[in-house]
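Report on the following structure.
The values are calculated or read from the model by the stated rules, or taken from the named source; none is laboratory data. Remember, it's a predicted structure, so these values are computed and weren't measured experimentally. Cβ coordinates were reconstructed from backbone atoms using ideal geometry, including for glycine residues, and neighbour counts include every protein chain displayed. Only protein heavy atoms, including side chains, enter the accessible area calculation; ligands, DNA and RNA are left aside. Shrake-Rupley method; radii C 1.70, N 1.55, O 1.52, S 1.80 Å.
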Amino acid sequence: MRIYELAKELGVDSKELQTHVEDLGIEVKNHMSAIDTETVELLKEFYGDEANKEKTEAPVKQTEIETVEEDTVEEVEEEVEEEVAAEGKTSVDDETKVITVNSSAIVIKDLATLMGKKPNVLIAHLMQMNILASINQALDIKSARKVAEKLGYTLTVESKNATKKKEIQHAQKKQVKAQEDLKTRSPIVTFLGHVDHGKTSLLDNIRQATVASGEHGGITQHIGAYTVEKHGNRITFLDTPGHAAFTAMRARGAHLTDIAVIIIAADDGIMPQTKEAIAHAKAADVELIVAINKIDLPSANVDQVKIQLQSEDLLPEDWGGQTICVPVSAQTGEGIDTLLEMILLQAEVLELRANPQASAEGYVVEAKLEQGIGPTASLLVKNGTLKIGDALLCGEYWGKVRALIDDHGNRIKKAGPSTPVKCLGLSGVPQAGEKFTICKNDKEARSLAKAKMSELKMEQLAPKKMSLEDMFAKANSDENQELNIIIKSDTRGSAEAIVHSLDQIKSDKVSLKIIHNGTGNITSGDVLLASASNAVILGFHVSKEPGLQQIEKREGVEIQLYHIIYELIDKVKEAMTGMVVQEYKETITGHAKILQIFQIGKRSRIAGCYVTDGTISSNCRARVKRNGEILFEGAIDTIKHFQETVKSMREGQECGIKMANFDLFEPDDIVEAYEMTKLDISL
């Protein structure tokens, strides 16, 4: 059943129901996502109980809300933490001596604390049961229940449905308490489109900067996040690269955004990457605005672009549809004010809200290892406020926020919702697009990061199963060539884009294997790895560490550095093509029958032949056959017609043929001439 269908049946808002589903740990994309039957029944039961409570305890609920409004944010957070602790691992009723747990095991120390006993008492009883356990060892429910019964307690296990119901009630209370703190936030806008359609130039005009001039090849290499103000309202822009190779980066940008602005050049119209950008925006379920750029050019045709938009199911608003189309010019600035007003208008319709009082959460826009600074990450805060000193957790990395730098290079103390900021203090370079959260303290952040790192290591070390078909295929592919490469780039986003592009290179003859993919300058460790694995090192926007040239020369490793991504991709394709074994096509040009042998001098013999079909040429190779068996295969030395040396002889003519390195002819042997044509090399 889909979320919006259940929301309609229960008479609640789809977004509210989606939030409750996410709080249960179930990943859903939007209100169209489907949920299982168990969750549906649980939600129906919960909302049914809430409806009965509203009828019988309406005055009490109103009093609770008024009390919440008087509480401070700190008091609310402490109360929520106490509720979580109470509803967490265990609970005990002193009167009935009933202990309730919601897991399949309990630590001996925790069980002793709940019963008010010393741990060694429990350990002694366990020894009587022939169970040897330490104070911090987890005890299964069956054994724990027996020990509890000996000491006069009853141990029960809470059902999963009851636990889920408590989680929903806790999420409901938390949502009621945080509802009053919700404030309108700035929209996050992404520029998408085809290469060279003016995305960066348009953004430059908006924020009065020059990014494109500093980019190699005039193409944006990384995602940048910037903020601008219009009529006192802030707008956050994500600038995603338009080159086809940056598909992965652009897709990530579309998922971070509220509004996607599709940039289309008025003189080019919709191109392949434009269609791809529209598909990403639709898949991300974001609002679409079309900006038709370059209207200042004489060849601009706005109406033609609008016609093309209809084929993509985007009917312009002025033609009776719902897609906002704004003609603009990045060079003259025409239409830019209208574009910004349309973005703000669309943001009002979306009713974008966030809680600035909550702990910060958001996503990594970009991350890199900067020389002299260490790991830095460009973060986009989606909710809450990020402050200096926060314990930040991002995937397998953590850190205490040491500094925050805004998009203008100024150091700030905090960053609210929809604010892009560069963060210093992480223990490593996180994945671009990774979600970040704030922990209570450094200890918790470090512990969760270590757990995540251990989980990733286990995934890498897990043995990969191979079927018999795979084993046979591998055994039969010994002749296939393999190109091993190591990629080092300045940012994770660039590395993702390179790997994504290389994955698109399909070949049955040469296998491409990425040995290592990392960020930062090329080190001696990379060279040694390349030497051991017979790999080539490709660097993108990075340099070599000092003193690396001697190690590179000693190990015989090739290192190539690039600043434009499609040059790197083309070089890899060229290298793979060079490894393919050249294939030839054989074409038989003619046959000749040997009639008589002529002795020329003491050692040389010439075959007197009659051309039975086709053409015999001196540029061809030839086979000498006797009774269907090949005696010799090689080049034709000379062809003579009487005393004259000729290049070729046609059908019905007689000639003398001298082969290179062969003269053991006999009458009635057949000379078969053929040409070898090189075939185009394909992967």
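For the range 528-557, a tally of residues being exposed (fewer than 13 other Cβ atoms within 10 Å of the Cβ) and either free of Cβ contacts under 8 Å to residues at least 24 places away in the same chain or of a type in the set (Phe, Trp, Tyr) (or both) returns 7. If only residues of the range 564-595 that are more than 15 Å from LYS506 (Cα to Cα) and of a type in the set (Asp, Glu) are counted, the one that is farthest from the chain's Cα centre (by Cα) is GLU586.
Meeting the requirement of 1 or more residues that are modelled with pLDDT under 85, the strands (runs of 3 or more DSSP E) wholly within the range 196-307 are 224-230, 233-239. Scanning the range 321-377 for residues that are in contact with a Ser or Thr (Cβ under 7 Å, 6 or more places away or on another chain) and in a helix (DSSP H, G or I) turns up nothing.
Would you be able to say whether some residue in the range 17-25 is within 30 Å of VAL286 (Cα to Cα), open to solvent by 50 Å² or more (accessible area, probe 1.4 Å) and at pLDDT below 70? Within the range 17-25, one or more residues are within 30 Å of VAL286 (Cα to Cα), open to solvent by 50 Å² or more (accessible area, probe 1.4 Å) and at pLDDT below 70. Looking only at residues in the range 579-630 that are of a type in the set (Asp, Glu) and assigned to a strand (DSSP E or B), the one that is least open to solvent (accessible area, probe 1.4 Å) is ASP613. Checking each residue in the range 644-655 for being outside any loop (DSSP other than H, G, I, E, B) and over 15 Å from CYS620 (Cα atoms) picks out GLU644, THR645, GLU654, CYS655. Restricting attention to the range 642-651, does a residue exist that is of a type in the set (Phe, Trp, Tyr) and surrounded by 12 or more Cβ atoms within 10 Å (Cβ to Cβ)? No, every residue in the range 642-651 fails to be of a type in the set (Phe, Trp, Tyr) and surrounded by 12 or more Cβ atoms within 10 Å (Cβ to Cβ). Scanning the range 288-310 for residues that are open to solvent by 60 Å² or more (accessible area, probe 1.4 Å) and over 20 Å from GLN322 (Cα atoms) yields ASP296, LEU297, PRO298, SER299, ASN301.
Counting only strands (runs of 3 or more DSSP E) that sit completely within the range 380-437, those holding 1 or more residues that are among the hydroxyl-bearing types (Ser, Thr, Tyr) and open to solvent by less than 50 Å² (accessible area, probe 1.4 Å) correspond to 397-405, 419-426. Scanning the range 107-146 for residues that are in a strand (DSSP E or B) and farther than 15 Å from VAL157 by Cα yields one hit, ALA138.
A single member of ASP390, ASP406 is closer than 27 Å to GLU27 by Cα and out of contact with any Ser or Thr (no Cβ under 6 Å at 6 or more places or on another chain), and it is ASP390. Within the option set ASP268, ASP285, being on the phi > 0 side of the Ramachandran plot, open to solvent by 20 Å² or more (accessible area, probe 1.4 Å) and touching a residue at least 12 places away in the same chain (Cβ under 8 Å) holds for one residue only, ASP285. Within the range 657-677, no residue that is open to solvent by 70 Å² or more (accessible area, probe 1.4 Å) sits with its Cβ atom under 8 Å from a residue that is basic (Lys, Arg) and not in a strand (DSSP E or B) at 6+ positions apart or across chains. Of all the residues in the range 500-510, those that are touching a Leu at 6+ places or on another chain (Cβ under 8 Å), surrounded by fewer than 17 Cβ atoms within 10 Å (Cβ to Cβ) and under 16 Å from ASP570 (Cα atoms) number 2.
Among the conditions (1) at pLDDT below 90; (2) in contact with an Asp or Glu (Cβ under 9 Å, 6 or more places away or on another chain), the only one that ILE373 does not satisfy is (2).
Residues in the range 97-106 include none that are at pLDDT 80 or above and either in contact with a Pro (Cβ under 8 Å, 6 or more places away or on another chain) or open to solvent by 50 Å² or more (accessible area, probe 1.4 Å) (or both).
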